[in-house]
Amino acid sequence: MAAASMNGYPVTFDVAYPEAPSRWLILVRWLLALPHYLVLTFLGLIAGLVWFVSFFTILFARTYPDSLYRFMVGAHRWSLNVNAYVMFLDRYPPFSMDAGEYEAVTFEVERPDFNRWLVLVKWLLVIPHLVVLTVLGIIAAVAFLVLALGVLVTGRYPRGLFDFLIGFGRWEARVNAYMLFLVDRYPPFSLR
C-alpha cells in the first residue's frame, strides 16, 4: 500500500520544512493541542487493548486483522501529526487517523507478512534502540528549546536542528511501529 521510505524501510515519516512560521505561535501550540492529547489518551487505551489482541492473533493465526491494523497505524499517525504541529507547524491538525489529511506530515506503513514467533522477542530486540533513543531524546529536548528560540529571534527554523528533530522523530516512529507489531523488519539505527 505505502511505498517504503528512501532507505528501504517499510515505515515512512517526514514533515515539510515550514518556510515562514509564526514567531509567537510556537509558544502556545502545546496548549492549543490539549484537545488532541485528550483524544489521544483515549485512543492510547484502546491501542493497548488492540496491541494485546494483535499479539495473540499474530502468534496463533499469523495475521493482524485489517481493521485493527488500520486502527493502530491511524492512531500512530494522529499522534505524529499532533507532535509535528506542536513542534513545527502553524496549521492546526485534523482530528483524523487518515493519511493525507495533514498535508505537511507524511506517515505510511507497508504491511508485512508476519512472522508469528517474532512477537515473542521484539521486546528484547528493541532494547538497544530504546537506550539510544533515550539519550537522543534528551538531546532532542535541548535542541527543541534552541530551535524555538531560533524561531522567536529569526522567524525561521534553524535547518540543522529541524532536520535533527525530524530524524529523531523518524527513528522513533520506526521503532514504535516495530514494537506495535506494524512491521517485522528490524529498524535501522539511523536518523535518515
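The values are calculated or read from the model by the stated rules, or taken from the named source; none is laboratory data. This is a predicted model, so every value here is computed, not measured. Positions of Cβ are generated from backbone atoms using ideal geometry, with glycine treated the same way; all protein chains shown enter the neighbour counts. Remember, those area values only see protein heavy atoms, side chains included, never the ligands or the DNA or RNA. Shrake-Rupley method; radii C 1.70, N 1.55, O 1.52, S 1.80 Å.
Structure above, values below:
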item: The stretch 1-110: relative contact order in percent, alpha carbon pairs under 8 Å with at least 6 residues between; result: 44
item: Percentage relative contact order, the stretch 47-192, counting C-alpha pairs under 8 Å, at least six apart; result: 25
item: Per residue value of the accessible surface for the chain (all protein chains in place, 1.4 Å probe), Å²; result: 52
item: Loop-located GluC sites (Glu not before Pro) in the stretch 12-116, at most 13 other Cβ atoms within 10 Å (DSSP); result: 19, 103
item: Rounded if a/c under 1.5, otherwise prolate or oblate - the chain, Cα gyration tensor axes; result: prolate
item: Shape of the stretch 86-192, Cα gyration tensor, a/c cut at 1.5; result: oblate
item: Point-charge dipole on Cβ atoms (K/R +1, D/E -1) for the stretch 68-192, about Cα centre, debye to 20; result: 220
item: Cα centroid separation - the stretch 146-182 against the stretch 63-132, whole Å; result: 15
item: For residue 98, net neighbour charge (Lys/Arg +1, Asp/Glu -1) across residues whose Cβ lies under 11 Å away; result: +1
item: Cα gyration tensor category, rounded, prolate or oblate, for the stretch 80-149 with a/c compared to 1.5; result: oblate
item: Degrees separating the helix 34-61 axis from the principal Cα axis of the chain, which is the longest one; result: 20
item: Per-residue [θ]222 nm for the chain (sum of -39500 (n - 2.57) over DSSP H runs n ≥ 4, rounded to 500); result: -19000 deg cm²/dmol
item: Cα-based Rg of the stretch 29-132 normalised by 2.2 N^0.38 Å, two decimals; result: 1.21
item: Label-point gap, in nm, between residue 192 and residue 159 - each point 7 angstrom along Cα→Cβ; result: 1.8
item: Linear extension gain, residue 138 paired with residue 25, 0.36 nm per residue minus alpha-carbon span; result: 38.3 nm
item: Residue among 157, 139, 30 farthest towards the positive dipole end of the chain, charges placed on Cβ; result: 139
item: Using alpha-carbon coordinates, inclination of helix 127-154 to the longest axis of the chain, degrees; result: 20
item: At R0 = 45 Å, FRET efficiency that the Cβ-Cβ distance of residue 38 and residue 117 yields, to 0.05; result: 0.75
